[in-house]
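First up is the structure itself, then whatever we jot down about it.
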Amino acid sequence: MTILPTPSDYTDKDFEALNRRLELLLQALFPAWTDYNRASFGNVLKELFAFSLDILTYYQDQQAAETRWGTAQLRASIIELARLINYTLDSAVAATVDVTFTMPRVLPGDVSIPAGTVIKTVGASPVRFQTLTAATITSGNLTSAAVSAKNSDAQQDTFTAKGEASEEFILGSRPFLDDSETLTIAGDAWTQVDNFLDSSATDKHYVLLVDEEDVATIRVGDGTNGLIPTLGDAVDCTYETGGGTTGNVEASTLTKVEGTFVDALGNPTSLTSDNAAAATGGANRETVAEARVAAPRSLRVLNRSIARTDWEDLAIQIAGVGRALMLTKAEDSTVPTLGRGYLYIVPDGGGTPSAALKTQVEDDINDGWPGPLNFAWEARDPVYNTIDIVAYVYLESDATESSVETAVLEALRDFFAPVNADGTPNSQVEFGYNYKDAAGDPEPKVTLSSIYNLLHDTTGVRRLGTPADGEGLTLNAAQDDVDLLLREFPEGGTLTLYNGDTSTVFPGHPVAI
């Protein structure tokens, strides 16, 4: 005789379902037990088991979910799953900037400022940079020539090899910066590889793994694939830590210099530093959301660039690039010749990409994923279509012009942002080429209705104006959609709000979006 009916649904694993199944089991096994009062000791035990099973099945479901790309949530799980397709999540990128050093008075000898000198901002949480090259203030001068500095700290760890196969060395400082390490074992330089598949027993190779806490681990070979260090060998690793968007400090903020300095004749002096321009290039580590998009795309490109979208997929994997569009003459008649393409680059925060970023995009793609020999291309600044918005808004009874202005600006800035807060592309805005109609044909335009719905749904807005109110809602001075060229990317311009109840403009408007 079957004690319980054969289950057909294995999803009933919550407390109530489990408690009911235990109750049915007890009724089948102990028909004389009829005391199901919640306060009875037997019922307490039954509910205790149901509660324990509820917790255990929850953990079981979560652990199962972490084994699948589409359901994993933990960064550690995403890192391990990405390794299965040879994809590595990017660590943070350090910002760089040019700085000069100044003395308070002229000295008779030269003052040498070594590479690695720490300069930082002033405040409770100073941002640290280190100079990449030495600087000199020559005798008779107060200021040095500009030298480059990086938002990173140099580190060095030393280990003693145990002579074991696949031995690991865990670096002691974090967050680790990609491609910053140099490894020597017994005085010989070792080479980083993606894996040991092509390594012989004598190759001095290692792999480097960065975990969810940005701690780096160096692993050597097993004697068959990759050399095993000899017992007692000195293992020395120099590397850098730091990076992130906090390093993108404003101009003239790196003013404090660590250390003591003297000129060539032994005269002591103090130093201050200055950065004439803001630091650039700092980026946070790749988020789980970004990896979900980028890792599958990496399989489409492999080791070459052929399809037009290959250049776009590769570009957005580079730190600092938010959006990218490749156009050839086949798509855009303004491209002068066949066999040529323009890759338009939108930085993460909008605006114009630096020359260094465009050069990095070109170098990285050409070196790692070369295209056909008869195809020439270049990275270009984006072509923006700036959209100015004028709207008559009627306020809710408990709203103020100030609160509505703040809410509207926040909504519009989110709408026009090239990337979302988690680093993924913002699907609300696109290059003109990527706007499609219901049939999938190009329809490059920002619609009036999309902005209308956005403003209408903003907290504090009762309704929007109509043409009878004056302007109602206009984009670039017209109550119509904004047409885009294929290469254009929409950006917010200015916002002018009118109070529909009073027909007066908000104080201080227009304001920048």
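Figures for the structure shown
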{"quantity": "P(r) histogram, all alpha-carbon pairs of segment 294-396 included - 10 Å bins from 0, percent", "calculated": "14, 43, 27, 8, 6, 2, 0"}
{"quantity": "Computed Rg/Rh of segment 468-513, alpha carbon atoms with Kirkwood Rh", "calculated": "1.05"}
{"quantity": "Largest-first ordering by accessible area, 1.4 Å probe, given options PHE489, PHE196", "calculated": "PHE196, PHE489"}
{"quantity": "Per residue, in Å², the accessible surface of the chain once ligands and nucleic acids are set aside, probe 1.4 Å", "calculated": "52 Å²"}
{"quantity": "In Å, descending, principal axis extents of the Cα set of segment 1-102", "calculated": "91, 37, 13"}
{"quantity": "ALA421 paired with ASP480, simple spin-label distance in nm, labels 7 Å along Cα-to-beta-carbon", "calculated": "3.8 nm"}
{"quantity": "Whole-angstrom Cα spans of the chain along principal axes, big to small", "calculated": "104, 84, 55"}
{"quantity": "222 nm mean residue ellipticity, helices alone, for the chain (DSSP H n ≥ 4; -39,500 (n - 2.57); rounded to 500)", "calculated": "-7000 deg cm²/dmol"}
{"quantity": "Rounded to 5, the percent of DSSP beta bridges in segment 354-513 classed as antiparallel", "calculated": "60 percent"}
{"quantity": "Equivalent-ellipsoid semi-axes of segment 431-509, from the Cα gyration tensor, Å, largest first", "calculated": "28, 13, 11"}
{"quantity": "Förster radius 41 Å - calculated FRET efficiency between SER403 and THR11 (Cβ-Cβ, nearest 0.05)", "calculated": "0.40"}
{"quantity": "Two-site FRET efficiency, ASP501 against THR386, from Cβ-Cβ distance with R₀ of 35 Å, rounded to 0.05", "calculated": "0.75"}
{"quantity": "Low-density loop cleavage sites - GluC sites (Glu not before Pro) in segment 360-431, where at most 16 other Cβ are within 10 Å (DSSP)", "calculated": "GLU396"}
{"quantity": "Alpha-carbon centroids, segment 493-513 and segment 14-54: separation in whole Å", "calculated": "65 Å"}
{"quantity": "Debye-sum result for segment 321-447 in log10 I(q)/I(0), which assumes one identical scatterer on each alpha carbon, at q = 0.13, 0.15, 0.18, 0.23 Å⁻¹", "calculated": "-0.70, -0.87, -1.12, -1.43"}
{"quantity": "Segment 192-297: C-alpha pair distances exceeding 22 Å, %", "calculated": "62 percent"}
{"quantity": "Percent of C-alpha pairs per 10 Å bin, segment 145-241, short to long", "calculated": "16, 47, 27, 7, 2, 0"}
{"quantity": "Computed E for ASP437/ALA376 - FRET, C-beta separation, R0 30 angstrom, nearest 0.05", "calculated": "0.40"}
{"quantity": "Along principal axes, Cα extents of segment 236-312, largest first, whole Å", "calculated": "63, 36, 25"}
{"quantity": "Alpha-carbon centroids, segment 355-375 and segment 293-345: separation in whole Å", "calculated": "10 Å"}
{"quantity": "Inter-label distance, nm, simple model (7 Å from Cα along the C-beta direction), THR269/ALA28", "calculated": "9.1 nm"}
{"quantity": "Dipole magnitude of the chain, debye to nearest 20 (Cβ charges: Lys/Arg +1, Asp/Glu -1, about Cα centre)", "calculated": "260 debye"}
{"quantity": "Net +/- balance of residues flanking ALA421 in space, Cβ distance below 13 Å, scoring K and R +1, D and E -1", "calculated": "-4"}
{"quantity": "Chain lengthening between LYS162 and ARG463 when straightened (0.36 nm per residue, less Cα-Cα)", "calculated": "101.1 nm"}
{"quantity": "Relative contact order computed over the chain (Cα-Cα under 8 Å; 6+ residues apart), in percent", "calculated": "11 percent"}
{"quantity": "Percent carbon-and-sulfur accessible area, the chain, ignoring ligands, DNA and RNA, probe 1.4 Å", "calculated": "53 percent"}
{"quantity": "Lys/Arg +1, Asp/Glu -1 at C-beta; the chain dipole; positive extreme among GLY244, SER397, SER52", "calculated": "GLY244"}
{"quantity": "Spatial extent of segment 61-132: Rg and Dmax, with the Cα atoms as the point set, Å", "calculated": "23.1, 74"}
{"quantity": "At most 15 other Cβ within 10 Å, DSSP loop - GluC sites (Glu not before Pro), segment 205-297", "calculated": "GLU212, GLU213, GLU250, GLU258"}
{"quantity": "Extension reserve of the ASP35-THR202 stretch, reckoned as 0.36 nm per residue once the Cα distance is removed", "calculated": "52.7 nm"}
{"quantity": "Only Lys, Arg (+1) and Asp, Glu (-1) charged, at Cβ; segment 134-243 dipole about Cα centre in debye", "calculated": "460 debye"}
{"quantity": "Segment GLU212-TYR58, extension gain: residue separation times 0.36 nm, minus the distance between their alpha carbons", "calculated": "53.1 nm"}
{"quantity": "Two-decimal log10 I(q)/I(0) for segment 97-202, as the Debye equation yields it once each C-alpha is a single scatterer, q = 0.11, 0.19, 0.20 Å⁻¹", "calculated": "-0.57, -1.05, -1.11"}
{"quantity": "ASP211 accessible area, assembled protein chains, probe 1.4 Å, Å²", "calculated": "50 Å²"}
{"quantity": "For segment 36-182, radius of gyration divided by Kirkwood radius, i.e. Rg to Rh on alpha-carbons", "calculated": "1.30"}
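The values are calculated or read from the model by the stated rules, or taken from the named source; none is laboratory data. What you are looking at is a predicted structure, and each value in this text was computed from that prediction instead of being measured. Cβ sites come from the backbone with ideal geometry, for glycine too, and all protein chains shown count toward neighbours. The protein model used for the area step is the full one, side chains on, heavy atoms only, and it has no ligands, DNA or RNA in it. Shrake-Rupley method; radii C 1.70, N 1.55, O 1.52, S 1.80 Å.
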